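To start, the structure under review is shown below, and the notes come after it.
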Amino acid sequence: MKLRNLVDSINYRELVNIEDMSDEIMGISYNSKKTKPNDLFICLTGEHVDGHEYAEEAFANGACACIVERRLNLDKPQIVVDDTSEIIAEVSDLFYNSPSKKLNVIGVTGTNGKTTVTHLIQKLFEGNDQQCALIGTLGHKFFSEDIYRDARHTTPQAPELQAILYEINEKCIKNVVMEVSSHALAQHRVDYCDFNGAVFTNLTQDHLDFHITMNNYFKAKAILFENLVAGDFAVINADDEYASKFLDVISPTVSTYTYGVNMPADVRAKDIKFNHDGASFICTVNNRDYNVNLKMNGLFSVYNVLAAITTANALGMDIEKSIKILESMGGVAGRFEVIITKPTVIVDYAHTPDGLANVLKTARDITPSDGKLICLFGCGGDRDATKRPKMGAIAEELADKVIITSDNPRTEDPQQIITDILAGFKSVNEVIVEPDRELAIKEAHKIAQPNDVVLVAGKGHEDYQILANETIHFDDREKVREIFV
């Protein structure tokens, strides 16, 4: 892409030291250390780092020009704009020639369930002989393969996202289902992405360290639905307390579909039953009843499957065939994943109050009458601290025994995080506190009896632990297999 073409396509306040417009832009960069020759460097201003301070390093590494919010004291080509966090998405879309416009892109957003729902939708496409790529928390993959690539963010930053979409299009894959986080929406990462459909799972407390209020959190999620246009579709969880607010922001020209258990909905589950093998229910779609027998367990799994069935309905897929595809599926990595039996040890990603409550209720459903439910969890550092005592209270109420430990403490003192969690307990006499997560899992092994159920919550698929000065390898699933032998 020629620098001239870029300058002609965007709004800017000023051009500085730009004399040769014929320079060829070979890439988009916002990390000076990863900047390559002839990259366009974009100075992002983040929570902790100001990219303007690294422009000189980017030029030293070969940048041909930089986009800035303020003129820098450098004798180098600069394009001055109002907001680099907004312009980066536009520039990335231009550089990769608007790949999303050539694809059928479905975005899934919500506090919980995004990863599972995207995987279910991908399976629906591929069960109908349509290739579908996936982008989300586990990374991105192009087909029904086990190889995920680059899982640094639930939704990648704009240059990486547009590059992935470009590659998907180059592989002649026409469908994409992607998790869309509230951070990505608020930080403009998905600006200029042309979504054909959007799915809402639920909205419960999370990320308030970033959004501050639940209303701000809602407004960020709502952006995905506000941008839908005629011909697009929206899928909404009718049981969620924010359902009506999401429905209000959707244009009347957009086809809207709802699902639920308790409230009237286009797709509804009734007669729900759970057992050790999974969940079963009757699903009503278009006034016809279907029997559904899942290998996945828990009410949250029912909601996730309802979201997928409703999406299939919106896409015009055969419902009976779609249900059979979903019935054949097991769970997703780190989502209520049973690692060991006798005792039953489950690893789950639950890291919010609602998420923890849901998985504990499901774990209780499969706990034998002569067994106990043991919950091991922690809370992340440098994140919303107000949810910590709430999660403590939930664990105390729903589990028989609780072990509090660390979960990505980052720069915070792990003991302070644990203290915040313990503030939610009515009594801490029976609580086991062990900041070292591996030792905490060993404590669970010591006290667990054969008929007990142990829930190891918070990290799920993650294979790392983020400490103050380093990130170490740590995988709950690996540790459970090592310790529970």
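At-a-glance table
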quantity	calculated
Enumerated strands (runs of 3 or more DSSP E) restricted to region 219-303, each holding at least 3 residues that are touching a strand residue (DSSP E or B) at 6+ places or on another chain (Cβ under 6 Å), farther than 18 Å from N313 by Cα and not hydroxyl-bearing (S, T, Y)	267-275
Positions within region 1-11 being surrounded by 15 or more Cβ atoms within 10 Å (Cβ to Cβ) and in contact with a helix residue (DSSP H, G or I) (Cβ under 9 Å, 6 or more places away or on another chain), in sequence order	M1, L6
Hits in region 43-92 (condition: farther than 19 Å from K33 by Cα and part of a strand (DSSP E or B))	I79, V80
Evaluation of A399 against (1) within 24 Å of N358 (Cα to Cα); (2) in contact (Cβ under 8 Å) with a residue 60 or more places away in the chain; (3) touching a helix residue (DSSP H, G or I) at 6+ places or on another chain (Cβ under 7 Å) (one fails), failing number	(2)
Region 75-113, residues that are under 14 Å from A184 (Cα atoms), out of contact with any His (no Cβ under 9 Å at 6 or more places or on another chain) and of a type in the set (G, A, S)	G107, G110
Residue match in region 148-171 (condition: under 15 Å from C132 (Cβ atoms), in contact with a strand residue (DSSP E or B) (Cβ under 9 Å, 6 or more places away or on another chain) and either in the same structural domain as S29 (by TED's automatic domain parsing) or modelled with pLDDT under 90 (or both))	yes
Residues of region 389-433 satisfying the condition of being within 28 Å of the chain's Cα centre (by Cα) and among the charged types (D, E, K, R)	K390, E396, E397, D407, R410, E412, D413, D420
The one condition in (1) under 30 Å from E396 (Cα atoms); (2) more than 24 Å from the chain's Cα centre (by Cα) that I319 fails to fulfil	(1)
Odd one out for T115 among (1) surrounded by fewer than 22 Cβ atoms within 10 Å (Cβ to Cβ); (2) in a helix (DSSP H, G or I)	(1)
The one condition in (1) under 26 Å from the mean Cα position of the chain (by Cα); (2) outside the structural domain of K295 (by TED's automatic domain parsing); (3) at pLDDT 95 or above; (4) of a type in the set (A, V, I, L, M) that I79 fails to fulfil	(1)
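The values are calculated or read from the model by the stated rules, or taken from the named source; none is laboratory data. This structure is a prediction, so every number in the text was calculated from the model and none was measured. Glycine also receives a Cβ, built like all others from the backbone with ideal geometry; neighbour counts cover every protein chain displayed.
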